[in-house]
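Everything on this sheet refers to the single structure shown next.
The values are calculated or read from the model by the stated rules, or taken from the named source; none is laboratory data. Computed from a predicted model, the values in this text were never measured in an experiment. Cβ sites come from the backbone with ideal geometry, for glycine too, and all protein chains shown count toward neighbours. Surface accessibility is based on the protein's heavy atoms, side chains included, excluding ligands, DNA and RNA. Shrake-Rupley method; radii C 1.70, N 1.55, O 1.52, S 1.80 Å.
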Amino acid sequence: TERTFIAVKPDGVQRALFPEVLRRFSQKGFKLVGIKLTFAKEELLREHYSDLQSKPFFPSLLSYMMSGPVLATVWEGKDVVKQGRALLGATNPLQSAPGTIRGDFALDMGRNIIHGSDSVESAEKEIALWFKKDELV
Ligand code: ATP
Ligand code: MG
């Protein structure tokens, strides 16, 4: 079955939005197969966001992601990568519809409370990056 990597970012953890995130993914029908609260290291984040290295906002993205603990999770289920992105809503808060997680809880692109893998390939890469095999159910 398909798996995806979903992370509640430091602002989402600080605002105690993670129970809401877990509830939404569970109620949609997905199975939680990995979860941990962790401080992301710079090296891990550089790998995680390697496609964004050249962006002007990259340094602020790194410091944002290291501003507190991240709740890293892995979910399993039918079409979970695409369905997960739909539950998150668009990256730009002006385009994230009410009813989505970002649409309901985020106002700024630079503080958008949650990450979700954007393809099956990046999901596999990100799960391997954030979790050891024996940390997954
Ligand atoms: P994520 O990968 O975190 O799920 P995404 O796939 O919707 O988000 P990406 O293009 O991968 O969007 O960008 C990764 C993150 O970088 C965004 O979630 C956001 O926090 C930050 N970001 C993206 N674009 C901008 C921007 N123009 N200005 C500031 N921050 C940005
Ligand atoms: Mg992305």
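With contributions of -39500 (n - 2.57) from each DSSP H run of at least four residues, the per-residue ellipticity at 222 nm computed over the chain stands at -11000 deg cm²/dmol. Between ALA16 and LEU52, the FRET efficiency from the beta-carbon distance, with R0 = 22 Å, is close to 0.20.
Close amide H partners of VAL70, meaning residues 5 or more places away or on another chain with modelled amide H under 5 Å apart, are THR38, PHE39, ALA40. Summing Cβ point charges (Lys, Arg +1; Asp, Glu -1) relative to the Cα centre of the stretch 1-132 gives a dipole of roughly 320 debye. Each peptide in 14-22, 46-54, 107-115 was scored by the mean count of other Cβ atoms within 10 Å over its residues; highest first, the order is 107-115, 14-22, 46-54. When the C-alpha to C-alpha distance is required to be over 23 Å, the pairs from LYS41/LYS132; LYS9/LYS36; LYS78/LYS125; LYS28/LYS132; LYS28/LYS133; LYS28/LYS55 that qualify are LYS28/LYS132; LYS28/LYS133; LYS28/LYS55.
When the Cα positions of GLY89, PHE57, LEU17 are compared along the charge dipole of the chain, LEU17 comes out farthest toward the positive end, with charges on each C-beta of Lys, Arg, Asp and Glu.
Rolling a 1.4 Å probe over the protein heavy atoms gives the chain an accessible area of 54 Å² per residue. Measuring max minus min along each principal axis, the C-alpha atoms of the stretch 88-130 give extents of 31, 16, 13 Å (largest first). The value given for the chain is a Kirkwood hydrodynamic radius of 14.9 Å, derived from the mean inverse Cα-Cα separation.
Computed with a 1.4 Å probe on the full set of protein chains, the accessible area for PHE30 sits at about 20 Å². With Cα atoms as the point set, the radius of gyration and Dmax of the stretch 1-69 evaluate to 13.7, 38 Å.
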